[in-house]
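Trainee: Please see the structure below; I have some questions.
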Amino acid sequence: MILGIGDIVAAAGVLLGLNYVALFIAAYLFDRSARHLLWYLAGAGAFIGSSAAYVMTEIAPFHGVFFILDDVLVCTGFLLVSMGICAHARLRVPGRMFAVTAIIGAFVITVLAPLGELSLSRLTAVSLFQVALPVMVVVRLYRLPVISGRTRFLATMLCAVILSVLIRPLIAAWAVSHGDLSLHDQAELYGTYAATPFAATLFAFAATIFFLAMSDLAATYRHASLTDSLTGLLNRRGFLDEGNRFAARPAALIMLDIDNFKAINDTHGHDQGDRVIAGVASVIAEAAPRPHLCGRLGGEEFAILVARAELPVATALAQAIRVAIEMDLQDSLPDGRLVTASLGVAGIGDEGIAGALIAADHALYDAKEAGRNRVCVAAAEPAHGRASRAGGRRSA
């Protein structure tokens, strides 16, 4: 049996689909938290099975069985992909609606199969059931209060796949209109013009999914490289990177150092010390949410970039953080010792965040020298005789 163009397209789809399966597996192995990739992987398997079944309708003796299997697997593939998109976009999955639609679709496909491949009534009903679930997903995506450009593009590519399915009855009507052709030639003509756009849009959609998965993976690794794993705040690199890009003025910088932290570690152990650091970070994050920047520069030392604030406002915030640490963490040490912090505040001027770090570090040093558990504000011209210790570990 000689394969037609539609069969060749389907066979090529099997080979290309296997490549996407390998890519999705690799992406999932890099980031096992991306569970939506498993839905996409299962969907790719269903579409590969559909393409294989389409080819088997031409070469296998049980034509009708593979004919039904092709349509059922397309319906299954759309179901699985829809589940993946819902998981990726964090949409609530209407599981009962999905299940009912899939069951009715499989029933309709089986009942209408005897009408033949080019039956307009069969193609119309089957196509509508096959795209019912992805249409629901697209509508829900576009109804999100805030839709990102990435999500909009994904929805648009899914719309292209949906359209390639919905035009099948029109292609069948056009093929049947060629009355001078035999029924077999009409079916081959239909297969060519139906399989090609479906395969093209489906592979473009799969490429979009893979690109977004890789983009998410890169963003995850970048976030991890800029975030302190213990506190969830920016690490030194992340704080300086974002701080140097921060252009809004006025702005100020607060540096904070936990008092007597070395003694806490020596007395209660590093696990208790880590809990104290995490507790202080929680107070800072709650007191200075975005657009402020909060970071752990190293050890027990933190920094806060206070956005759109003059020096008096930043000083008041520093005092509030100091009091909150003393109050919220008063029961955190077994021996009843209070957890306190010293803070230095400086405005961000022409020298940018680098100059502000030096000035705030000098003010922090003054707070330590004055007895700890207090806030000091940097002088207009910071003393240049002291070396900055920003980012270093203090034991005072």
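The values are calculated or read from the model by the stated rules, or taken from the named source; none is laboratory data. The structure presented is a predicted model; accordingly, all values stated were derived computationally and were not measured. In this analysis, Cβ positions are derived from the backbone assuming ideal geometry, glycine residues included, and neighbour counts consider all displayed protein chains.
Trainee: Listed residues F203, F129, F198, F210; which is under 18 Å from the mean Cα position of the chain (by Cα), closer than 19 Å to F78 by Cβ, assigned by TED's automatic domain parsing to the domain that holds S82 and not hydroxyl-bearing (S, T, Y)?
Mentor: Working: F203 fails: under 18 Å from the mean Cα position of the chain (by Cα); F129 fails: under 18 Å from the mean Cα position of the chain (by Cα); F198 fails: under 18 Å from the mean Cα position of the chain (by Cα).
Result of the check over F203, F129, F198, F210: F210.
Trainee: Follow-up. Among the residues of the range 283-300, write down those that are within 11 Å of R236 (Cα to Cα) and either touching a Leu at 6+ places or on another chain (Cβ under 7 Å) or among the small types (G, A, S) (or both).
Mentor: Keep residues of the range 283-300 that are within 11 Å of R236 (Cα to Cα), which gives 294-299.
Result: C294, G295, R296, G298, G299.
Trainee: Next question. When you scan the range 241-262, do you find a residue that is surrounded by fewer than 21 Cβ atoms within 10 Å (Cβ to Cβ), of a type in the set (A, V, I, L, M, F, W, C) and in a helix (DSSP H, G or I), even just one?
Mentor: no
Trainee: Go through (1) among the charged types (D, E, K, R); (2) touching a residue at least 12 places away in the same chain (Cβ under 8 Å); (3) assigned to a helix (DSSP H, G or I) for R122 and report which single condition fails.
Mentor: For R122, the exception is condition (2).
Trainee: Is there a residue in the range 131-139 that is at pLDDT below 90, assigned to a helix (DSSP H, G or I) and not aliphatic (A, V, I, L, M)?
Mentor: Checked against the condition, which is being at pLDDT below 90, assigned to a helix (DSSP H, G or I) and not aliphatic (A, V, I, L, M), the range 131-139 yields no hits at all.
Trainee: Among the residues of the range 173-201, which ones are in contact with a Phe, Trp or Tyr (Cβ under 9 Å, 6 or more places away or on another chain) and not hydroxyl-bearing (S, T, Y)?
Mentor: Correct list: W174, A175, V176, L189, G191, A195.
Trainee: Being surrounded by 22 or more Cβ atoms within 10 Å (Cβ to Cβ), assigned to a strand (DSSP E or B) and within 34 Å of the chain's Cα centre (by Cα) is the filter here; which residues of the range 304-353 pass it?
Mentor: I304, L305, V306
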